[in-house]
Amino acid sequence: MSAENNEVATYSINGIARPNNSGTGSSSRGVSMFRTRSNGGKLSQLNDLVAVYELEQDNDGNYTAKIWEWK
C-alpha cells in the first residue's frame, strides 16, 4: 500500500480459509503483519503492526473484513 507522499508499507497475510456452511463463499481467519521504512510519515504507525482478522467472502468475490490490532 502507498500514501500520497510516496510512502510505502508492505504486509503479509497468513490465514486459513474454509467454505461457508451455506456453501456460498468462504470464511477466513488469520494474522497480518505490516512493515514500512517510514519514519514519522502517514504510514509510520503501521510499522511492525500485527493484526488479526476475520473475513467473509461470497462466490462473487465480495467480502467484509474485521481487523483488530494485536497488542
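Below is a table of values for the structure above.
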{"quantity": "Every residue from segment 43-65 that is in a loop (DSSP other than H, G, I, E, B) and surrounded by 14 or more Cβ atoms within 10 Å (Cβ to Cβ)", "calculated": "LEU43, ASN47, LEU49"}
{"quantity": "Filtered residue count, segment 21-38, keeping only those that are in a loop (DSSP other than H, G, I, E, B) and either exposed (fewer than 12 other Cβ atoms within 10 Å of the Cβ) or out of contact with any Phe, Trp or Tyr (no Cβ under 9 Å at 6 or more places or on another chain) (or both)", "calculated": "6"}
{"quantity": "Complete set of residues in segment 1-42 that are at pLDDT 90 or above and among the aliphatic types (A, V, I, L, M)", "calculated": "VAL8, ALA9, ILE13, ILE16, ALA17, VAL31, MET33"}
{"quantity": "Flag for LYS71 being outside any strand (DSSP E or B), surrounded by 13 or more Cβ atoms within 10 Å (Cβ to Cβ), charged (D, E, K, R) and at pLDDT below 95", "calculated": "no"}
{"quantity": "Complete set of residues in segment 43-67 that are hydroxyl-bearing (Ser, Thr, Tyr) and at pLDDT 90 or above", "calculated": "TYR53, TYR63, THR64"}
{"quantity": "Those residues of segment 21-57 which are within 10 Å of the chain's Cα centre (by Cα) and over 12 Å from ILE67 (Cα atoms), in sequence order", "calculated": "PHE34"}
{"quantity": "Residue list for segment 5-20, filter: in contact with a Gly (Cβ under 8 Å, 6 or more places away or on another chain), loosely packed, with under 12 Cβ neighbours inside 10 Å and in a loop (DSSP other than H, G, I, E, B)", "calculated": "ASN5"}
{"quantity": "Test: residue in segment 43-66 that is of a type outside the set (Gly, Ala, Ser) and touching a helix residue (DSSP H, G or I) at 6+ places or on another chain (Cβ under 7 Å)", "calculated": "no"}
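The values are calculated or read from the model by the stated rules, or taken from the named source; none is laboratory data. From a predicted model like this one, the values you see are computed outputs, not experimental measurements. Using ideal geometry, Cβ is built from the backbone for each residue, glycine included, and neighbour counts are taken over all protein chains shown.
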